[in-house]
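The values are calculated or read from the model by the stated rules, or taken from the named source; none is laboratory data. Remember, predicted model here, so these are calculated numbers, not experimental data. A quick note on method: Cβ atoms are made from the backbone with ideal geometry, for glycine too, and the neighbour counts reach across all protein chains shown. Quick note on the areas: whole protein, heavy atoms, side chains included, nothing else; ligands and nucleic acids left out. Shrake-Rupley method; radii C 1.70, N 1.55, O 1.52, S 1.80 Å.
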Amino acid sequence: MQKRDQSDRCFLSLSEQTFPIMKQITERMPGGFFIYHADGDEELIYANQALVQIYGCESLEEFKEHTGFTFPGMLHPEDMEAAERSIKKQIFVRGNDMDYLEYRIVRKDGAVRWLKDYGHFVRTDVYGDLFYVFVEDATDTHFSNTGDAHMARLVQERLDALEALEHETTALKLVHEILCSGMWTMEFNQQGQMVSVYWSQEFRTMIGYKDEEDFPNVLCSWSDLLHPEDHDRVLDQYYATIDDYTGKRLYDVEYRLLTKDRGYRWFRATGKLSRREDGTPITYVGMFVDITDKKETDEKLEEQRKLLEEALLRAQRASQAKTMFFNNMSHDIRTPMNAVIGFTNLAATHLDNPELLRDYLNKITASSNHLLSLINDVLDMSRIESGKMAIEEAPCSLPQVLRDLQAIIQADLEAKGLHFQLDDSALVHPYVVCDRLRLNQMLLNVLSNALKFTPAGGHISVSAAERPGDGEDTAVYEFCIRDTGIGMDPEFLKHIFEPFERERTSTVSGIQGTGLGMSITKNLVDLMKGHIAVESRQGCGSVFTFTFTFRLCDTPGRQEAQDSAPDQQLMAWRLLLVEDNELNQEIAVTILEEAGCTVEVASDGAEAVEMVRRCADDPYDLILMDIQMPVMDGIEATKVIRAMDNLRLASLPIVAMTANAFEEDRQRVLSAGMNGHLGKPIDIDKLFATLQSILGSSR
């Protein structure tokens, strides 16, 4: 009973999924066709209309009532035994050929007729043991063999096609259920001409159509909806599969189809043909799958793949550039360090020769300043990449900026014998609001390169021009720096503003640098919402052009009005130096004491706080406070001092003197209550200018 229930379920599945296809194949047959179970009561699964008519019945229900819808019920009682023997033989042999029988039947009207039976046994895991049977009325030709071989061959072809179709339909059914696909079939006559087309309802639903009236079973219903760009390609592959009589070609194509309600959608269609011995097509079976979402995902993945490839190339280039940078930095740092150490050793052995000693010290100072510039470049780049670099605008004089630049490079110009020209005659409004420090840094970076790469006797010029801005209170300023140096090749120009890049000729020539100057300059230009352009040819020099929009102002800032630093009117100030590094203590104490100051030293913040408490009767004039120290840092020590009950002690001037030299570090110490900020290494002029500005000329 369990086996029969399984067969019933298979029968329902078989009928639902394959009936439209079977009907198309068998309804035009002149003879009858049926399928029945080879076990049990040998119940029929399917019978076509021609078979019903052979038995003299008007409908399938009449046929079921007349035969019991079983194979034994269809046979004349006297032919039952012979037919069963033939069936058992075929089951036992299980050959590939058709089993041929002739037997009598009793029609509903009582008439006895002879039938020719071409049957084939098949064993399936899904449907159980089955027989496919083709029959025709052979009463008039019962004793004639004319046409039997031909008929057997035709029926065999039909059976092979149907058997292949059964397996393909089963596979398509499973795929259809998984992928929610649509199905299609096409039938061909013996001349290979298409005689019918079938579109499944699932496919119609996928493209927004309701029924056969809305989307007829004709080929053009589908082909007319193909995207114009896909139309010819798809039809070429469709017909090429039909015309391939070898049967090796499969139809598998992706294309866009115009749906009724959702515009063009992407589909993938696959199909396979069953063929006769001569290669002509019999049945074309296939399916459609909507792949729009997958296509969009694939396109996104392809875009991401390209982006990843580009990112990988950039990362590889950056990695190579950083490797080159570290190699260059190793060389460039060691070079001035070698000079510092070497001339220091030489100075120690020539203490009795003041002139030679002075020369060594000057070279040590130059090498130290160069080393500091290398370190500053690296730190500036780090701050830019971390987003900590900020632009601080204030009134300034552009002619003064240019004159200061000339003063900075004047010694180098004279040392190399370079001709220099400065032209600011085109400036109508010389006073603007901008970040003078960053403007000076950008222009100086380019000027420094011009100095490095321009041979002796060459020319360098700086010009400034002005044109009206978008508003009445703004103007557009253009700074142009030209040189007659060695120039740059076109390939390097493409990457000149990338970090760690250096022109190969600079390495060959031994000119030092981090390869960060131009990248820093470009980032500063962007921060100031400006533009930088460069033109260069090898052997013909370079031209750098900066363009900025600045707000106008009437007078320069207070800082601009100071033509020079305050005179060092040294006084006998009593100072507290808070510094944990003994060498730094020695340097600072020596500088200050030689200037006439009295200096006491604390090695950490906690010690400094205690010394301040002890000096209540005779307080210090000022505290020079390091920031990063053990026990208690400078920020915390300052907060403790500012919170003291003794208001005189709590208000003592405190100046940070620290290696934390960035603008955010300055803001941090001022926010903690300090009165000023000095960076390390110590700039002596700036140190005493700061002390004078806070303490004045008297104690």
So LEU583 and ASP39, fully extended at 0.36 nm per residue minus their Cα-Cα distance, gain in nm 185.3 nm
For ASP685 and LEU219, extending 7 Å from Cα along the Cα-Cβ vector and measuring point to point gives, in nm, a value of 9.3
Rounded to the nearest 10 Å², the 1.4 Å probe accessible area of ARG268 is 100
Residue-ordered couplings for the stretch 194-209, obtained by feeding phi - 60° into the Karplus form 6.51 cos²θ - 1.76 cosθ + 1.60 and rounding to whole Hz (Gly and Pro as x), are 5, 10, 7, 10, 9, 10, 6, 5, 4, 5, 4, 5, 4, 9, x, 9
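Work out the length of the dipole vector of the stretch 645-699 about its Cα centre, built from +1 on the beta-carbon of each Lys and Arg and -1 on the beta-carbon of each Asp and Glu, and round it to the nearest 20 debye.
Using only the charged Cβ atoms, the result is roughly 180 debye.
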Reported to the nearest 10 Å², LEU313 has, with a 1.4 Å probe, an accessible area equal to 110
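Within 12 Å, Cβ to Cβ, of VAL655, how many net charges do the neighbouring residues add up to if Lys/Arg are +1 and Asp/Glu are -1?
In short, 0.
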The answer for chymotrypsin sites (Phe, Trp or Tyr not before Pro) in the stretch 189-285 that fall in a DSSP coil and have at most 15 neighbouring Cβ atoms within 10 Å is TYR245
So GLU302 and ASP79, fully extended at 0.36 nm per residue minus their Cα-Cα distance, gain in nm 73.3 nm
Taking only protein heavy atoms and a 1.4 Å probe, the highest-to-lowest accessible-area order of HIS531, HIS227, HIS350 is HIS531, HIS350, HIS227
The lysines whose Cα lies under 23 Å from the Cα of LYS639, excluding any fewer than 8 residues away in the same chain, are LYS680
Once phi for every residue in the stretch 212-222 is put through the Karplus expression 6.51 cos²θ - 1.76 cosθ + 1.60 (θ = phi - 60°), the whole-Hz ³J(HN,Hα) values, with Gly and Pro written as x, are 5, 5, 6, 9, x, 7, 9, 5, 5, 4, 8
For LYS494, counting only lysines whose alpha-carbon sits under 23 Å away and dropping same-chain residues fewer than eight positions off, the answer is LYS306, LYS322, LYS452, LYS522, LYS529
Within the under-12-Å Cβ sphere about THR638, not counting THR638, Lys/Arg +1 and Asp/Glu -1 give a net charge of 0
Output for the stretch 265-301: GluC sites (Glu not before Pro) sitting in coil per DSSP, at most 14 other Cβ within 10 Å, listed by number, reads GLU277
Here the stretch 342-357 yields Karplus 3J(HN,Hα) values (6.51, -1.76, 1.60; θ = phi - 60°; whole Hz; Gly and Pro given as x) of x, 6, 5, 5, 5, 4, 5, 9, 10, 5, 8, 10, x, 5, 5, 4
